[in-house]
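Notes follow once the structure below has been shown.
The values are calculated or read from the model by the stated rules, or taken from the named source; none is laboratory data. All figures in this text were calculated on a predicted structure; none of them were measured in a lab. Cβ coordinates were reconstructed from backbone atoms using ideal geometry, including for glycine residues, and neighbour counts include every protein chain displayed.
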Amino acid sequence: MRINENYWKLQDSYLFSTIAKKVKAFLAEHPDQKIIRLGIGDVTLPLPAAVVSAMHEAVDEMGKKESFHGYGPEQGYSFLKTAIQGYYARLPVKLEEEEIFVSDGAKSDLGNILDLFDRHNTVLVPDPVYPVYVDTNVMAGRNIVYMNANELNGFLPMPDGQVQADIIYLCSPNNPTGAVYHKTQLKAWVDYARRQGAVILFDAAYEAFISDESLPRSIFEIDGARECAVEFCSFSKTAGFTGTRCGYTVVPKELTYGGTKLNSMWLRRQTTKFNGVPYIVQKGASAVFSEEGQRQVKANIDYYKENARIIADALKKQGIWYTGGENSPYLWLKCPEGKSSWEYFDYLLTQAGIVGTPGAGFGKNGEGFFRLTAFGDRENTKEAVQRLASLR
Ligand code: MLT
């Protein structure tokens with residue numbers, strides 16, 4: 001028996017586990033210190049009332065013989081998929097029901113989709129990047145090519161015709177930098193992918209944070225994307241589902257590689273390895289798209305965006321360079337006084353009791369940068385900026 005030795009090429013632990021361990025060790029030594037967590041992008045507002053009441057009703061249904069649900073369709077219930085279709089229709093993007101696959105979240109699907117691709121494909125990822133894209137491909141032993149995202153290109157790398165790629169990861173609004181591609185930029189990516197015969201894995205988990213109407217929320221707003229892209233979406237940041245778990249992946253029927261439709265392959269993969277998201281959770285998720293649900297979700301997003309504004313104002317006042325935070329819940333700042341990302345992490349933790357995410361954890365171009373999230377609670381966010389101000 002041989003193990004998968006590709007795991008030896010991974011860093012010791014996943015970025016957010018490393019951070020959690022460091023914070024735990026600090027708290028063990030300083031039990032009285034109040035820590036403010038602006039690190040992992042975990043929401044703090046509760047589920048919207050419309051979601052909670054839909055889930056309560058679903059629990060009651062599950063408790064009665066006549067309305068009980070056993071195994072559901074692996075790719076999701078129709079009531080949720082039609083609600084998702086309606087949500088896309090406003091862009092306007094037309095999706096068929098069979099193109100939508102409901103899952104337990106974008107992170108799982110971003111890793112699982114790799115089942116469909118050969119191990120010898122070359123993967124193109126931006127640097128800095130959400131570590132899941134890199135780690136899942138390292139686990140499979142794929143060759144990874146990095147594209148530089150930096151201040152010069154506004155952390156939005158564009159295609160380089162000299163680079164050959166088979167699988168391309170794009171995330172917009174971006175985690176970790178908060179940068180958002182314009183339609184013309186995404187069109188350049190779609191054209192490049194089609195020329196190369198590559199597939200774009202488009203992570204749209206943060207689309208709900210876009211307030212600038214001119215920015216695309218879905219790659220399917222771009223002509224030609226149905227021929228080259230898969231889109232991943234999540235209820236985590238939109239509707240507070242980080243602990244409830246629900247997301248969806250859109251695999252257009254046009255996507256054909258090696259004479260095979262990715263849509264059929266993904267259906268085959270999901271029906272084999274996945275038994276679907278709980279009925280109760282899908283009922284809650286579908287309530288997100290009701291009129292009331294949309295109003296409540298918007299109120300939560302506005303709350304986080306106000307947090308982002310509070311952090312941004314504080315950074316501006318202190319003359320700290322930053323980007324993001326406008327159409328995104330993340331602020332990406334340059335560590336003051338030339339500190340490295342981990343030095344600044346330790347400094348903020350020990351001197352101000354603030355936890356953020358070191359940019360270096362997202363790749364080499366993240367060195368010297370730091371990510372703060374707007375998902376904190378309002379009072380804590382205000383306290384964090386006061387603590388920041390008192391450091392200087
Ligand atoms: C993050 O902080 O980058 C996200 O919470 C990670 C995730 O969504 O898995």
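Could you say whether any residue in segment 235-257 is on the phi < 0 side of the Ramachandran plot, assigned by TED's automatic domain parsing to the domain that holds Ala106, away from the ligand (no atom under 16 Å from the Cβ) and part of a helix (DSSP H, G or I)? Quick ask: steps written out before the conclusion?
Residues of segment 235-257 that are on the phi < 0 side of the Ramachandran plot, as a first pass: 235-239, 241-244, 246-257.
If we keep only those that are assigned by TED's automatic domain parsing to the domain that holds Ala106 too, we end up with 235-239, 241-244, 246-257.
Among the residues that remain, those that are also away from the ligand (no atom under 16 Å from the Cβ) are: 250-257.
Narrowing the set further to residues that are part of a helix (DSSP H, G or I) leaves none.
No, the conditions are met nowhere in segment 235-257.
Residues being basic (Lys, Arg), away from the ligand (no atom under 16 Å from the Cβ) and outside any loop (DSSP other than H, G, I, E, B): count how many of those fall in segment 23-47. Steps first, answer last, please.
Filtering segment 23-47 for residues basic (Lys, Arg) gives 24, 34, 37.
Going one step further and asking which of them are away from the ligand (no atom under 16 Å from the Cβ), we end up with 24, 34.
Among the residues that remain, those that are also outside any loop (DSSP other than H, G, I, E, B) are: 24.
Summing the residues that are basic (Lys, Arg), away from the ligand (no atom under 16 Å from the Cβ) and outside any loop (DSSP other than H, G, I, E, B) in segment 23-47 gives 1.
In this structure, does Arg268 turn out to be over 15 Å from the mean Cα position of the chain (by Cα) and more than 16 Å from Phe202 (Cα to Cα)?
On the way: over 15 Å from the mean Cα position of the chain (by Cα): yes; more than 16 Å from Phe202 (Cα to Cα): yes.
It is true that Arg268 is over 15 Å from the mean Cα position of the chain (by Cα) and more than 16 Å from Phe202 (Cα to Cα).
Determine which single condition Asp203 fails, assuming it passes every other condition in (1) charged (D, E, K, R); (2) surrounded by fewer than 18 Cβ atoms within 10 Å (Cβ to Cβ); (3) within 14 Å of the ligand (Cβ to nearest atom).
Condition (2) is where Asp203 drops out.
Taking the conditions exactly as written (over 26 Å from Lys253 (Cα atoms), in contact with a helix residue (DSSP H, G or I) (Cβ under 9 Å, 6 or more places away or on another chain) and of a type in the set (A, V, I, L, M)), does Ala179 satisfy them or not?
Working: over 26 Å from Lys253 (Cα atoms): yes; in contact with a helix residue (DSSP H, G or I) (Cβ under 9 Å, 6 or more places away or on another chain): no; of a type in the set (A, V, I, L, M): yes.
No, not satisfied.
For residues that are touching a residue at least 60 places away in the same chain (Cβ under 8 Å) and either of a type outside the set (S, T, N, Q) or within 13 Å of the ligand (Cβ to nearest atom) (or both), tally how many sit in segment 359-370. If you could, list the steps in order and put the result at the bottom.
In the first step, residues of segment 359-370 are kept if they are touching a residue at least 60 places away in the same chain (Cβ under 8 Å); the result is 359, 361-366, 369.
Restricting the remaining residues to those that are either of a type outside the set (S, T, N, Q) or within 13 Å of the ligand (Cβ to nearest atom) (or both) gives 359, 361-364, 366, 369.
Within segment 359-370, residues that are touching a residue at least 60 places away in the same chain (Cβ under 8 Å) and either of a type outside the set (S, T, N, Q) or within 13 Å of the ligand (Cβ to nearest atom) (or both) number 7.
With respect to the numbered conditions (1) among the hydroxyl-bearing types (Ser, Thr, Tyr); (2) outside any helix (DSSP H, G or I); (3) farther than 27 Å from His182 by Cβ, which one is the sole condition not fulfilled by Tyr347?
(2)
Of these, Thr272, Thr256, Thr260, which one is closer than 25 Å to Phe68 by Cα and without any contact (Cβ under 8 Å) to a residue 12 or more places away in the chain? I'd like the intermediate steps shown before the answer.
Details: Thr256 fails: closer than 25 Å to Phe68 by Cα; Thr260 fails: closer than 25 Å to Phe68 by Cα.
Criteria check complete, one pass: Thr272.
Of the conditions (1) in a loop (DSSP other than H, G, I, E, B); (2) in contact with a helix residue (DSSP H, G or I) (Cβ under 6 Å, 6 or more places away or on another chain); (3) crowded, with 20+ Cβ neighbours inside 10 Å, Gly76 fails just one. Which one is it?
(2)
Inspect segment 118-136 for any residue being in contact (Cβ under 8 Å) with a residue 12 or more places away in the chain and on the phi > 0 side of the Ramachandran plot and give the result as yes or no.
For segment 118-136, residues in contact (Cβ under 8 Å) with a residue 12 or more places away in the chain and on the phi > 0 side of the Ramachandran plot: absent.
Is it fair to say Phe117 is closer than 26 Å to Gly243 by Cβ and either in contact with a Ser or Thr (Cβ under 8 Å, 6 or more places away or on another chain) or away from the ligand (no atom under 16 Å from the Cβ) (or both)?
Values: closer than 26 Å to Gly243 by Cβ: no; either in contact with a Ser or Thr (Cβ under 8 Å, 6 or more places away or on another chain) or away from the ligand (no atom under 16 Å from the Cβ) (or both): yes.
Answer is no for this residue.
Of all residues being surrounded by fewer than 21 Cβ atoms within 10 Å (Cβ to Cβ) and within 16 Å of the ligand (Cβ to nearest atom) in segment 81-113, which is nearest to Tyr206 (Cα to Cα)? Just the residue, please.
Lys107
Of all residues in segment 186-202, which are farther than 11 Å from Ile168 by Cα and in contact with a helix residue (DSSP H, G or I) (Cβ under 7 Å, 6 or more places away or on another chain)?
Leu186, Arg194
Yes or no: segment 274-282 includes at least one residue that is of a type outside the set (D, E, K, R), away from the ligand (no atom under 16 Å from the Cβ) and touching a strand residue (DSSP E or B) at 6+ places or on another chain (Cβ under 6 Å). Quick ask: steps written out before the conclusion?
Filtering segment 274-282 for residues of a type outside the set (D, E, K, R) gives 274-282.
Remaining after also requiring away from the ligand (no atom under 16 Å from the Cβ): 274-282.
In the following step, the residues that additionally are touching a strand residue (DSSP E or B) at 6+ places or on another chain (Cβ under 6 Å) were identified as 277.
Within segment 274-282 (the criterion being of a type outside the set (D, E, K, R), away from the ligand (no atom under 16 Å from the Cβ) and touching a strand residue (DSSP E or B) at 6+ places or on another chain (Cβ under 6 Å)), the answer is yes, since at least one residue qualifies.
If you go through segment 173-194 one residue at a time, do you hit one that is touching an Asp or Glu at 6+ places or on another chain (Cβ under 6 Å), at pLDDT 95 or above, assigned by TED's automatic domain parsing to the domain that holds Ser218 and within 16 Å of the ligand (Cβ to nearest atom)?
no
Kindly indicate the residue of segment 122-162 that is closer than 20 Å to Ala225 by Cα and loosely packed, with under 15 Cβ neighbours inside 10 Å and also nearest to the ligand (Cβ to nearest atom) among those meeting that condition.
Among them, the one singled out is Met158.
I'm trying to understand the selection: among the residues of segment 262-317, which are surrounded by fewer than 15 Cβ atoms within 10 Å (Cβ to Cβ) and polar (S, T, N, Q)?
Ser264, Thr271, Thr272, Asn275, listed by residue number.
Check Ile168 against each of (1) touching a residue at least 40 places away in the same chain (Cβ under 8 Å); (2) of a type in the set (Val, Ile, Thr); (3) within 14 Å of the ligand (Cβ to nearest atom) and name the one condition it does not meet.
(3)
Can you tell me which residues in segment 26-52 are surrounded by 17 or more Cβ atoms within 10 Å (Cβ to Cβ) and of a type outside the set (A, V, I, L, M, F, W, C)?
Matches in segment 26-52: Arg37, Gly39, Gly41, Thr44, Pro48.
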